[in-house]
Amino acid sequence: MTKAIAVRREGDAFQSRIFWRKAACLLDPASPIIRVGFESGPKGFDDVWVEYIAGRGPNDQEGQPILREHIQCKWHVSINDYGYVDLVNPDWINATSHSLLQRARNAQLTHAKYGVGTRFKLLTNWRIAQDDPLRVLIYQRSKTLRLDDLFATKTDASAAGRIRKLWRDHLGIDDSELRCLARTLALDTDSTSLDDHRDNLDVLFENRGLRRIPVSESSFIYDDLTFQWLGQGRLEFDRQSFREACLREGLLSKEGKSSQVFGVKSFEHAFDRLEDRCTVVLDLIPHFDARAIRVQSEWETILYPQLKSFLLGAARDNQFLRLILDTHITLAFAAGSVLNIKSGRNVELEQRTLHRQIWHSNDTERDPNWPTWTFDVETLPGQGGDMAVAVSLTHDVAPAVRTYIANSAPRIGKLLVARPTCGPGARSVASGQHAFDLAEALALQMNAIRGEGKTPLHLFISAPNAFTFFVGQRQPSLGLVTIYEYDFERQSGSTYTASLSLPI
């Protein structure tokens, strides 16, 4: 019984923290979120719901605006996976008669009859199984279904056809009705721990002027308060009623501030839209297909000019900047080159490591136990005088870089391999100060090896974006630098491609 209660409380905490993640945005007058509710709405998708200002919310997979999003939270103490068959099994959601898919169909008929304007999202810490045919049908950007792929075949013999047949037969509908339903679905995974959710809320609460709860305190009043409101029948809030509720509960911090936060995104975390918590966002996602850029030349002709204009505009009116860079490393480096160390601007960076943190160039005291660099210089068969740099803070990229140079870059005759003394990994960079120091040491080493000539540099980086930003801040002293992106989506042979050369 005790274990069952603990599991239930953790599930409630998960739901509550998702609610606060959305509701806190109601305190930001620039947020597109105008109403948030919980434990109300269509059965099966009633844990949390969000309403957006028309035209300012997210778009669905076909580019149509979403006005409401209904989220069903499914928390498990142990991590596992699921597949398309589970969605038709009532037992999977601890129900007796109706499956998740049936509940989604009922919600769609009631709230999105024509399949537009509303999204029904399953948010769980389970993942779609690696070998399940449903996995390849999910957009990693939005966690919605790839409709053209799901309905690409005419028969039920293919993997997608078997999914369609099972779901059609279970619901008693035809393909056109199934497509209408599938258009509204999102299947998202949130494997963030409850402690990390609390850390992430702490940053959000700081920005929105809500009272912060020290991590040293075991209790977290925000979890309990949600269900106190539930008992009082207060299930939905607009901006005014939410502010009044927070004021009544003593949650508005006298020391709190609503910071100007600037976001740039070239990809999107499905449950963390920057528009929900940034003052203004530069959205470059339309130029990409998943992680791959649609037109290679647009790095130089469109993306960099837009990024430069956006950042210069932000810096013109703000001595202190907070940036969130949900971007490729190329854009993180380019952002640093625009706001370089001579820009006179004080820049904070939100960094996603093991959990979200705010990094700054002097955010912590230096620790003599921090990892430093190990450098290895290799002479390559190439006849050119260019130098490549393989930066392996989070993953060891040196083998892939050597392969790329051997096959595609004969002008590179020297390779500098930079690894942390602790070895590559998620914990190799401790803070903003540490990232800043590592960037400074790397820049000095690159210039020392090249000498006075400053031959062209080719950068291959696996590192936190904040570190890459700090390296980019040193671009003026590095000379001509070409940045490379790795093909994680395997759209061009799982190799590197040159993206942007600076200065332009």
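Every read-out reported here was derived from the displayed coordinates using simple, explicitly stated rules and does not represent laboratory data. Just so we're clear, the structure is a prediction, and the values are computed from it rather than from any experiment. Positions of Cβ are generated from backbone atoms using ideal geometry, with glycine treated the same way; all protein chains shown enter the neighbour counts.
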Task: Pairs from LYS265/LYS308; LYS143/LYS165; LYS265/LYS342 whose Cα-Cα separation, in the structure shown, is over 19 Å - done: LYS143/LYS165; LYS265/LYS342
Task: Convex hull volume per residue in cubic angstrom - Cα atoms of segment 32-189 - done: 112 Å³
Open item on the list: Need the full-extension length gain, ILE449 to ARG9, defined as separation in residues times 0.36 nm minus the C-alpha distance. One decimal, nm.
Closed with: 152.7 nm
Open item on the list: Helix 329-338 against the longest principal axis of the chain: what's the angle in degrees, Cα atoms only, rounded to the nearest 10?
Closed with: 60 degrees
Open item on the list: Compute the orientation-averaged projected area for segment 196-263 from the convex hull of its Cα atoms and round it to one decimal in nm².
Closed with: 5.6 nm²
Task: 3J(HN,Hα) from dihedral phi, segment 74-90, Karplus parametrisation 6.51/-1.76/1.60, rounded to Hz, x for glycine, proline - done: 10, 9, 10, 5, 9, 8, 8, 9, 8, x, 5, 5, 4, 5, 9, 9, x
- [ ] Output the relative contact order of segment 31-123, whole-number percent, from Cα pairs under 8 angstrom with separation of 6+ residues.
- [x] 29 percent
Task: DSSP beta bridge pairing in segment 32-189, given as percent antiparallel to the nearest 5 - done: 45 percent
Open item on the list: Among LEU500, ILE302, GLY209, whose Cα projects farthest towards the positive end of the dipole of the chain, with charges put on the beta-carbon of Lys, Arg (+1) and Asp, Glu (-1)?
Closed with: ILE302
Task: Whole-percent pair-distance distribution, where bins are 20 Å wide, for the alpha carbons of the chain - done: 21, 51, 26, 2
Open item on the list: Rounding to the nearest 10 and keeping the result within 0 to 90°, find how far the Cα-based axis of helix 239-248 lies from the longest principal axis of the chain.
Closed with: 90 degrees
Task: Exposed-loop-free span, longest in the chain, where GluC sites (Glu not before Pro) count as exposed if DSSP calls them loop and at most 11 other C-beta atoms lie within 10 Å - done: 63-216
Task: Under the Karplus curve 6.51 cos²θ - 1.76 cosθ + 1.60, θ = phi - 60°, whole-Hz ³J(HN,Hα) for segment 23-33, x wherever Gly or Pro sits - done: 5, 4, 5, 5, 7, 9, x, 8, 6, x, 7
Open item on the list: Can you give me the angle between helix 159-171 and the longest principal axis of the chain, using Cα atoms only, in degrees from 0 to 90, rounded to the nearest 10?
Closed with: 20 degrees
Task: Neighbour-limited loop hits for chymotrypsin sites (Phe, Trp or Tyr not before Pro), segment 103-138 (at most 16 other Cβ within 10 Å; DSSP other than H, G, I, E, B) - done: TYR114
Task: For segment 268-347 versus segment 5-65, the gap between their alpha-carbon centres in whole angstrom - done: 26 Å
Task: Average Cα contact separation per residue, the chain, under 8 Å, 6 or more apart, as relative contact order % - done: 12 percent
Open item on the list: Through the Karplus equation 6.51 cos²θ - 1.76 cosθ + 1.60, θ set to phi - 60°, convert the phi angles of segment 128-143 into ³J(HN,Hα) values in whole Hz; use x for Gly and Pro.
Closed with: 5, 4, 4, 9, 7, x, 5, 4, 6, 9, 9, 5, 5, 6, 10, 6
